[in-house]
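Below is one structure, written out as structure tokens, with a few remarks after it.
Nothing in this text is a laboratory measurement; each read-out follows from the coordinates by a stated rule. None of the values given here were measured: they were computed from a predicted structure. FYI the Cβ positions are ideal-geometry reconstructions off the backbone, even for glycines, and counts take in every protein chain you see.
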């Protein structure tokens, strides 16, 4: 048997990296903001039961959540897409996600700049940014939300495809090199110890920790710490492990 295992590293699960968890969090934050906006979109005139001041606060909170979520997903989306491009694995949807995030960020920055730069007066550039900008940024942020969700899904689908390929390559490599992988043992519990000891006859009275460990491993179970295993062996000798 060859002692060397498959040399290619196993693909990293999306949740084990920082990108997927941050995308999930950003989508959660954005969703809360869209919920607030959805109330205004569907309540129609009945929204008047909410005081105008409270409505204003809700609009600000909803806007802040949507913007926060959009900006939170910018970095992970761009990094995820750049990684794929660097590895030559980029897809059309990755490019769309990158473009949506870029347009949303630039448009939002231009609108904020136009609002604060009163010295520009009624210049054509400022008027255009204030008139058309909110419509563009609204569409861009909505697209950015879907793009982040798509990128999160692509991360998972890419991992599923890569892990399947990795498993197939590992099996082929193991067969060609005569390598047999060690069997992963399930951690033993006290219930497992009771079952194993219950299958013994006169061996219980003089059962040692080593004998119990061997019996557990034969059953495909991983022996616990020496302290725990020793206690189980003592219990078995006293007839308490039944």
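For the chain, the longest principal axis of the C-alpha atoms and the axis of helix 226-237 are separated by about 50°. With the biggest extent put first, the Cα atoms of region 1-51 measure 77, 15, 10 Å across the principal axes.
Once the C-beta distance of residue 68 and residue 42 is scaled by a Förster radius of 25 Å, the resulting FRET efficiency is 0.65 to the nearest 0.05.
Against the chain, whose longest principal axis is taken from its Cα atoms, helix 74-86 shows a tilt of about 70°.
Once Rh is set to the Kirkwood radius over Cα pairs, what Stokes-Einstein translational diffusion coefficient, in µm²/s, holds for region 186-237 at a temperature of 10 °C and a viscosity of 1.306 mPa s?
151 µm²/s
Taking one quarter of the surface of the C-alpha convex hull of region 50-114 gives a mean projected area of 5.7 nm².
Of the peptides 53-60, 234-241, the ranking by mean beta-carbon count within 10 Å, highest at the top, reads 234-241, 53-60. Of the peptides 138-149, 188-199, the order by per-residue mean of other Cβ atoms within 10 Å, starting with the highest, comes out as 138-149, 188-199.
Normalised Debye scattering of region 20-74 at q = 0.14, 0.22, 0.29 Å⁻¹ gives log10 I(q)/I(0) of -0.40, -0.76, -1.04, counting only Cα atoms as equal scatterers and leaving out solvent.
On the principal axes of its alpha-carbon atoms, region 14-177 has extents of 73, 40, 21 Å, going from largest to smallest.
In deg cm²/dmol and to the nearest 500, what is the mean residue ellipticity at 222 nm of the chain if only DSSP H runs of at least 4 residues count, each as -39500 (n - 2.57), divided by the residue total? Estimated from H runs of four or more residues: -24000 deg cm²/dmol. Mind pulling the angle between the C-alpha long axis of helix 92-116 and the longest principal axis of the chain? Nearest 10 degrees, somewhere in 0 to 90. Around 50 degrees separate the two axes. Taking only the C-alpha atoms of region 136-238, the Rg (one decimal) and the largest Cα-Cα distance, Dmax (whole number), read 25.1, 82 Å. Each Cα pair under 8 Å and six or more residues apart adds its separation to the average, and for region 14-177 the resulting relative contact order is 29 percent.
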